[in-house]
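Shown next, in structure tokens, is the structure this report addresses.
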Amino acid sequence: MDYTAYLYGGVTIAGAVVAFFALGFLGVYHLDLIVQYLPDGVGPAETSLVLTCAAFAVGFVFALPLALLRAYAPAHLRRSKGLDREGVLWAPPYAIASAFVAIIRGTPFLVQMFLLWNVFIFDYPRLVLLGEPTSFWAGLVALTVNTTAYQAEAMRGGFQSVDNGQVEAGRALGLGRVGIFRRIVLPQGLRLVTLPLTNEWISTFKTSTIVGFFNVIELYYWAHNEIGIELARPIEAFVMLTIFYLTINVTLSRASTALERRYRIPGLGSMLPDIGVRSESLRR
């Protein structure tokens, strides 16, 4: 087993820890203040995680059918070379799915957040659901809409990356479209998009900072207002914010990488088949 990556990772973490304490001892920021107030960020961190996880989970449910529409529309429909009877049936949902993905991926999240926030504020100004105010639900809906489009595109790429020969083999065995998708495409496609979906979760988690501009007490709101403004300690505020985001994102990233390696199908999504032989022997 190659431990080089773990060695580099350990050295990097150790270097970051040394730099953190060194800058504190040099007076760039106050270590005692960070240690004192860091536990106060646990609650806002939970809010950020709830927003991210809920939006990602709901977005996954909506992204799957969007990905199917975009991945398995008739080829001539995707190339805009005319429509037959099947194309006429596919055209409206395919157009809606493609337009949704293009609009969401083509506009900044801040614009989407402003739009939905104003809709909620004017239509449901006093909405309180499950103990959360209107701004929380506006942020959750905005994050859900945003991540749905990006997850749909990631899954579409994963489904279309499954080798067509395996699909043909499934047909030869008598499997229908649903059976081929459930037994062949879906298991392999999800393995292929494990890392892209993890990256999307991390991106959504970082994007949730924008929700803080709309009075949702998440990590950024807490650090900026309660530490940076009220205590007049902006450097310490963003050092604490960095600690929270790095701890959560790096942990998830490493866990996702380990999971992907554990359940990866040998040869799937790699240039060389992983069959337990040296790469030199493959070149002979």
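The values are calculated or read from the model by the stated rules, or taken from the named source; none is laboratory data. Worth saying up front: this structure is predicted, and the values here are computed from it rather than measured. Ideal geometry is used to build each Cβ from the backbone, glycine not excepted, and the neighbour counts take in all protein chains shown.
I'm trying to understand the selection: among the residues of segment 98-138, which are in a helix (DSSP H, G or I) and among the hydroxyl-bearing types (Ser, Thr, Tyr)?
Ser98, Thr134, Ser135
Any idea which of Leu186, Leu140 is under 22 Å from Thr47 (Cβ atoms) and either surrounded by 16 or more Cβ atoms within 10 Å (Cβ to Cβ) or touching a residue at least 12 places away in the same chain (Cβ under 8 Å) (or both)?
Leu140 is the lone residue from the list that is under 22 Å from Thr47 (Cβ atoms) and either surrounded by 16 or more Cβ atoms within 10 Å (Cβ to Cβ) or touching a residue at least 12 places away in the same chain (Cβ under 8 Å) (or both).
Looking only at segment 112-150, filter to residues that are hydroxyl-bearing (Ser, Thr, Tyr) and more than 15 Å from Ala55 (Cβ to Cβ); which one of those is farthest from the chain's Cα centre (by Cα)?
Here the answer is Tyr124.
Among Tyr94, Tyr37, Tyr29, which is assigned to a loop (DSSP other than H, G, I, E, B) and modelled with pLDDT under 95?
That would be Tyr29, the only listed residue that is assigned to a loop (DSSP other than H, G, I, E, B) and modelled with pLDDT under 95.
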